[in-house]
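The values are calculated or read from the model by the stated rules, or taken from the named source; none is laboratory data. Small disclaimer: the values here were computed from a predicted structure and weren't measured. Glycine also receives a Cβ, built like all others from the backbone with ideal geometry; neighbour counts cover every protein chain displayed.
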Amino acid sequence: MSWKSEDIWTELRKGSQKISNFSWALILVLVPIVFLLVGASSYLGRNLIAFFPSQQIPFFPQGIVMSFYGISGLSISSYLWCTIFWKVGSGYDQFNRKEGKVSIFRWGFPGRNRRIFLQFLLKDIQCVRIEAKEGISARRVLYLDIRGRRAIPLTRTDENLDPREIEEKGAELAYFLRVPL
């Protein structure tokens, strides 16, 4: 989502709050719970899951492995739910021609450096660069090259933009900032 006027262009970033992350987090809660229930039912010798008889799975080694998979899956799921809850990666990019500044803000993981805020002058921008890697795992990323600093990515590596979209976005930003593409 973006907002644009004559002198200010602001782009909001979703970060980790994407539908794919929500669906993976939900899957990674439900499946490990089933693994834990199978491991627990093989240990207790009772059917905790109605459609799965526990007598067919001995606790050692299958029940232990199922329990381990359940605990591992819940650990990964809790990490994913935390990144969603903390909005890791979300923020905004603001290009202000009126003040001659660029501000990039992102939320990180909780701690001392949770707020990531970069601010620099428009005159320090050398160019807007598109890096494209084609092949099986194609990726296209839009970068901002800044004098005296390393390139700053403006799009996520997992934003699967097609070549036309990334070129339009890069050209529009370069035209707005009045820098080469």
Those residues of the stretch 38-79 which are crowded, with 18+ Cβ neighbours inside 10 Å and of a type in the set (S, T, N, Q), in sequence order: Ser41, Ser42, Ser54, Ser67, Ser77
Hey, among the residues in the stretch 1-32 that are in a helix (DSSP H, G or I) and among the small types (Gly, Ala, Ser), which one's farthest from Ser67 (Cα to Cα)? Ser20
Of the residues that make up the stretch 59-71, is at least one small (Gly, Ala, Ser), under 28 Å from the mean Cα position of the chain (by Cα) and not assigned by TED's automatic domain parsing to the domain that holds Asp158? yes
Tally, over the stretch 103-123, of residues that are free of Cβ contacts under 8 Å to residues at least 60 places away in the same chain and surrounded by 14 or more Cβ atoms within 10 Å (Cβ to Cβ): 7
Spot the failing condition for Gly170; the list is (1) under 22 Å from the mean Cα position of the chain (by Cα); (2) farther than 18 Å from Arg13 by Cα, and only one is missed. (2)
Across the stretch 45-75, what is the total count of residues that are outside any helix (DSSP H, G or I) and either out of contact with any Pro (no Cβ under 8 Å at 6 or more places or on another chain) or touching a residue at least 12 places away in the same chain (Cβ under 8 Å) (or both)? 10
